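Q: Structure below; questions to follow.
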Amino acid sequence: MSFFNVGAIYFTLQIGGFLALLLISWYFFDKRYKGKQRSSQQQDDIFKHSHPTSEVFVDPADGKTYQVYYHEQTGTRSYVEEYSQS
């Protein structure tokens, strides 16, 4: 094999590896930061066992307003989208 062929194979493997890492990271990043859909039972549990805090914010990624709920026994915080009444 000549040097050119080895170099071309090495370059192709590098590009292929980079593209594979890019696709894998995009897949996991997308899953990690995408809002989780809650069932109505989970939503009811948040409202029953948690109380709203004074924290309300607009998420810059989607422009939606969220209210923070806090569960005192477990210490978990839940972010619930506020729906406008307009």
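The values are calculated or read from the model by the stated rules, or taken from the named source; none is laboratory data. Because the structure is a prediction, the values reported are computed rather than measured. Note that we place each Cβ from the backbone using ideal geometry, even for glycine, and neighbour counts take in every protein chain shown.
Q: In the set GLN37, GLN42, which member is part of a helix (DSSP H, G or I) and modelled with pLDDT under 85?
A: So the residue among GLN37, GLN42 that is part of a helix (DSSP H, G or I) and modelled with pLDDT under 85 is GLN42.
Q: What is the residue count in the range 42-69 for residues that are among the hydroxyl-bearing types (Ser, Thr, Tyr) and farther than 16 Å from TYR83 by Cα?
A: Adding up the residues that qualify gives 3.
Q: A further question on this structure: Assess whether SER54 counts as being surrounded by 14 or more Cβ atoms within 10 Å (Cβ to Cβ) and not acidic (Asp, Glu).
A: So SER54 fails the test.
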